[in-house]
Amino acid sequence: MFACIHAPDLAADLSLAEFAYGFSPIVEEAAGRTVVIDVEGCELLFGSAYELANDVARRAKEPRANGGLEGTVNVAIAANPDAAVHAATRLKGITFVSPGEELTCLGEFPIEALEFSLVNVEKKLADEIFETLRLWGVLTFQHFASLPVHGVSERLGQEGVRLQQLAAGKTERHLKVKQPAPVFSHSIELDHAVYELEPLSFIFARLLNQICATLNAYALATNELTVQMRLEDQTSHDRTLSLPHPMRDHKVFLKLLVLEMEKQPPQAAVKAVSITCDPVKPRVIQSGLFVPLAPAPDKLELTLARLTKLVGDQNVGSPVLLDTHRPDAFSVKRFVLDDKTALRKRRKNSGNPQMAIDNRPCLGFRMFRPPLRAVVQVDRGLPAQISAWDKQRSVYGKVVEVAGPWRTTGDWWRNDRWSRDEWDVAVVPNKRDEQVLYRIYRELNSDTWFVEGAYD
């Protein structure tokens with residue numbers, strides 16, 4: 001059995017579907033403020049079908065605070081969902097359509113009242129069929145249902161046959177169940193405050209299992225988790241886990257969250273916990289047959305989280321060059337995989353002739369880290385002799401060619417500002433004939449010489 005509820009005077013801010021969920025978990029939203037519910041098996045809860053219809057009408061008149069609609073509704077009970085829709089939309093009050101007696105109730109309805117969308121017929125084609133029926137003198141559901149099926153099929157096609165079955169109340173279909181909106185946020189209120197991390201981790205595991213179950217049901221993943229904790233002193237402790245790769249493994253989330261809590265624990269006992277995730281499409285990575293396997297994203301993220309706990313957030317990530325001429329100026333940012341758009345753009349630029357790499361011969365430069373402190377003899381303001389050494393390498397000899405100096409300076413507002421003169425020099429080691437090219441510089445602040453590196 002099916003029940004159709006039609007609310008012609010429903011307020012715009014009320015949901016008829018939410019009201020219908022109070023009677024059955026199987027709800028279909030139809031056009032024109034109409035819903036159809038499957039009431040099969042609801043006799044134990046509401047009694048007979050007629051008692052159920054009366055209960056629906058009574059609850060609809062109740063105020064919003066009690067879950068009502070504050071108005072009257074039309075209710076129709078039938079063995080066919082489409083017959084119930086036509087009865088509820090055309091008849092006021094409560095209507096009960098007995099099985100096999102659909103035309104007794106619907107037969108006098110005009111042919112234009114057929115809800116052609118219920119049998120997937122387009123409006124333009126339905127209007128043409130209705131015009132043809134009017135020319136034949138077929139004006140009601142009863143007249144249409146009495147026509148021979150073969151004749152309707154020959155003249156109106158299969159769409160006409162479906163409309164004829166709809167008029168006779170003999171269609172057979174399943175309800176298009178309205179899927180509730182997915183919930184990617186779960187919370188829990190604790191009876192007693194939690195002081196230690198171990199019992200708190202069980203609360204995290206429960207909420208994460210619910211969130212990951214929803215993600216799996218909708219074939220989604222997440223790359224951001226937000227945890228909100230209400231503490232005993234009425235303050236809040238919020239943490240956000242930003243993942244470089246979309247995941248949906250509750251075990252990995254739990255380990256990452258526990259490491260985050262160990263790194264920055266709440267300052268008081270926890271009274272309530274709420275976890276929310278940002279759903280995204282999962283990323284599928286297919287490795288090449290001859291490409292070495294890379295570490296799994298979840299294992300890599302756990303390793304980075306453990307390192308972050310030991311050395312701090314500012315010391316774990318990917319190096320990024322800063323927009324400055326300062327030597328060796330870089331920062332560390334969180335490692336994030338490039339999305340498909342960035343990869344396609346990079347590949348496109350690599351094939352662009354204007355972006356092609358210059359193939360002219362050039363010198364490679366090998367930097368000494370740290371640079372070698374040097375003793376330089378100067379003749380007429382130019383380096384003439386160099387002597388520098390450390391535990392691994394040494395540079396000494398006579399300077400035979402000099403290019404420079406080039407003065408660089410910057411960040412004058414900082415305590416560690418730099419200002420130096422740079423030279424490229426060719427050095428002939430003692431008792432040797434070959435020349436070696438080096439870059440040397442003199443810090444103007446301390447008047448100290450250094451060897452920065454060698455050209456290959």
If only one of ALA11, ALA84 is in a helix (DSSP H, G or I), in contact (Cβ under 8 Å) with a residue 40 or more places away in the chain and of a type in the set (Gly, Ala, Ser), which one is it? ALA84
The condition of being surrounded by 15 or more Cβ atoms within 10 Å (Cβ to Cβ), in a strand (DSSP E or B), out of contact with any helix residue (DSSP H, G or I) (no Cβ under 9 Å at 6 or more places or on another chain) and of a type in the set (Ser, Thr, Tyr) holds, among THR222, THR226, THR214, only for THR226
If SER387 satisfies every condition in (1) small (Gly, Ala, Ser); (2) under 19 Å from TYR455 (Cβ atoms); (3) at pLDDT 85 or above but one, which is the exception? (2)
Among what's in segment 143-185 and is in contact (Cβ under 8 Å) with a residue 40 or more places away in the chain and of a type in the set (Ser, Thr, Tyr), pick the residue that is surrounded by the most Cβ atoms within 10 Å (Cβ to Cβ). THR171
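The values are calculated or read from the model by the stated rules, or taken from the named source; none is laboratory data. Remember, it's a predicted structure, so these values are computed and weren't measured experimentally. So basically every Cβ, Gly included, is an ideal-geometry build from the backbone, and we count neighbours across all protein chains shown.
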